[in-house]
Amino acid sequence: MKDSSDIRKFNMLKIKKILRQGGEYTKQQIANITGLSVATCNTLLNEMQGCGEVLGEKKRLHEVGRESVCYRINEDFETFLCLFLELHGEKRRLFACHLSVTGRVMEQKEEWYTFLDAAAIADAVAKMCGGKAAITQIVVGIPGIAEGDVVRHCDIPELEDAALKESLENRFHISVHLENDMHLKAYGYYRRCGSPDEIVTLAYFPEHILPGTASVHKGMVLQGKNQFAGMVGFLPYDVDREEELSLLKKDTCRPFISKAVTAIIAIVNPGIIVLTGELLDEDSMKWIRSDCLRHIPEEYMPVFCYEESLDSLYVEGMYQRALDCRDKM
C-alpha cells in the first residue's frame, strides 16, 4: 500500500498535468477533471502557489456572483533545456531549445561545428543556461547509443566513449537525460499524433551515415537491453562497414533501405512506418513498398509515410521526456 507521501505526490502530479496544458482553472474545475476532492485540490494548490510554481488570480467568471481564484502554471518557475546533435557531412549541428514547462519555446539556437566534443557541448549549454536559474532538466539527443550514460557508436567520432551525462551534471548541477535521437523522435511522434493501440516505426536514412529506426507502442519506445533496438545499420549487408557507408548514397542505397525496412516489418510488424533522411523523398515510398512486397505478404504491409524533417517531433520527444524525468524525481 502506498504511504501518504506517495498519495500526495500522485495527486499533485494529476494537478500539474492539467495546468501544464496551459489555460486557467478554478479549484472546482480541477477537482472535476482529476476526480480529486475540492479540499485536496485546495491544499495542494495553496502549497504550489506558496512556492511560486502556480499563480492564482481572483476573477469573476460570470457577470454576477462571487469571484473565484483561477490558477495557472508559472512558466518562469521551471524550464527545460533540450538539445540535439547531428552529423551532416563533415559538419556537426547542435540545436538547442529552451522550453517552458508548458512546452512553449522561449529561445532556440542552431550552431555548426567542425569539431564537437563534450567540452564544446558544455560550453554551448553554458551559453543557453546563462541567467536562467529556472532550468531544472537538460535532455540531450545523440546520434548514437546512450549506454550507461556513456556515448557509444556515435556518428560524431569525437563523442565516442564520452561520459557526457556525468560531465554536464558535474558542471551545471542540473539533472541530465541522455537518449538516442530516434527513440526521442518516436516518443515525440507518439505524444503528438500517435494512437495508443498502433505500433509506429520511424526510420531515418541519411547519406553516408548508418541508418536508424525506433518503434513505439502504447507510449513505450522499444529500446532493448542497451538502447540498441532499431539500429538497422548493423544488419548483415554482406559488405564491411566502410563499404556500406560509401554505398549509402542516392544511386546505390536501395538494397540497404529495402532490406532494413523489410526486417523491421517482419520483426516489429508496425502499422505505420514514417521515413525520412537525405536518401529519400516522396517518390521513394513506391519502390520501398514494391521491394518489401517481394518478401512480405500484402496483408502485413504497413502504411508508408514520408516526412522531410522530424525536428519538431524531436523537440516534442525531448520535452515530454523532460516532463517524465521531473515527475519521477
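What the table shows:
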read-out	value
Index of the failed condition, Asp161 passing every other in (1) in contact with a Lys or Arg (Cβ under 9 Å, 6 or more places away or on another chain); (2) open to solvent by 10 Å² or more (accessible area, probe 1.4 Å); (3) at pLDDT 95 or above; (4) not in a loop (DSSP other than H, G, I, E, B)	(4)
Residue within the range 134-151 that is open to solvent by 20 Å² or more (accessible area, probe 1.4 Å), under 22 Å from Leu275 (Cα atoms) and of a type in the set (Asp, Glu) present	no
Count - residues of the range 26-53 that are more than 21 Å from Gly103 (Cβ to Cβ), in contact (Cβ under 8 Å) with a residue 24 or more places away in the chain and among the aliphatic types (A, V, I, L, M)	3
Glu90 being touching a Cys at 6+ places or on another chain (Cβ under 6 Å), over 20 Å from Ala134 (Cβ atoms) and open to solvent by 70 Å² or more (accessible area, probe 1.4 Å)	no
Sole exception among (1) in contact with a Leu (Cβ under 7 Å, 6 or more places away or on another chain); (2) in a helix (DSSP H, G or I) for Asn170, by number	(1)
Failed condition for Ala126, given (1) touching a Ser or Thr at 6+ places or on another chain (Cβ under 9 Å); (2) among the aliphatic types (A, V, I, L, M); (3) part of a helix (DSSP H, G or I)	(1)
Top-ranked residue in the range 88-115 [being more than 17 Å from Val139 (Cα to Cα) and assigned to a loop (DSSP other than H, G, I, E, B); ranked as modelled with the lowest pLDDT]	Gly89
Hey, Ala186 touching a strand residue (DSSP E or B) at 6+ places or on another chain (Cβ under 9 Å), surrounded by 21 or more Cβ atoms within 10 Å (Cβ to Cβ) and not in a helix (DSSP H, G or I) or not	no
Contacts under 9 angstrom Cβ, first residue in the range 2-25 being touching a residue at least 40 places away in the same chain (Cβ under 8 Å), partner assigned to a loop (DSSP other than H, G, I, E, B) and of a type in the set (Lys, Arg), 6 or more apart	Gly22/Arg104
Any hit, the range 288-306, residues being closer than 23 Å to His183 by Cβ, free of Cβ contacts under 8 Å to residues at least 40 places away in the same chain and not hydrophobic (A, V, I, L, M, F, W, C)	yes
All positions within the range 1-25 that are polar (S, T, N, Q) and touching a helix residue (DSSP H, G or I) at 6+ places or on another chain (Cβ under 9 Å)	Asn11
Selected residue [under 22 Å from the mean Cα position of the chain (by Cα), open to solvent by less than 70 Å² (accessible area, probe 1.4 Å), over 30 Å from Asn46 (Cβ atoms) and touching a residue at least 40 places away in the same chain (Cβ under 8 Å)] from Cys129, Cys154	Cys129
Answer from Val261, Val315 - the residue that is of a type in the set (Val, Ile, Thr), at pLDDT 95 or above and under 30 Å from Met12 (Cα atoms)	Val315
Those helices (runs of 4 or more DSSP H) lying entirely in the range 228-329 with at least 3 residues open to solvent by 80 Å² or more (accessible area, probe 1.4 Å)	241-247, 254-268
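For (1) basic (Lys, Arg); (2) over 18 Å from the mean Cα position of the chain (by Cα), each residue gets a yes or a no:
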site: Ile30; (1), (2): no, yes
site: Ser37; (1), (2): no, yes
site: Lys59; (1), (2): yes, yes
site: Phe95; (1), (2): no, no
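The values are calculated or read from the model by the stated rules, or taken from the named source; none is laboratory data. Because the structure is a prediction, the values reported are computed rather than measured. Quick reminder, even Gly has a Cβ in these numbers, built from the backbone with ideal geometry, and neighbours come from all protein chains shown. Each accessible area value is taken on the protein alone, full model and side chains, heavy atoms only, with ligands, DNA and RNA left out. Shrake-Rupley method; radii C 1.70, N 1.55, O 1.52, S 1.80 Å.
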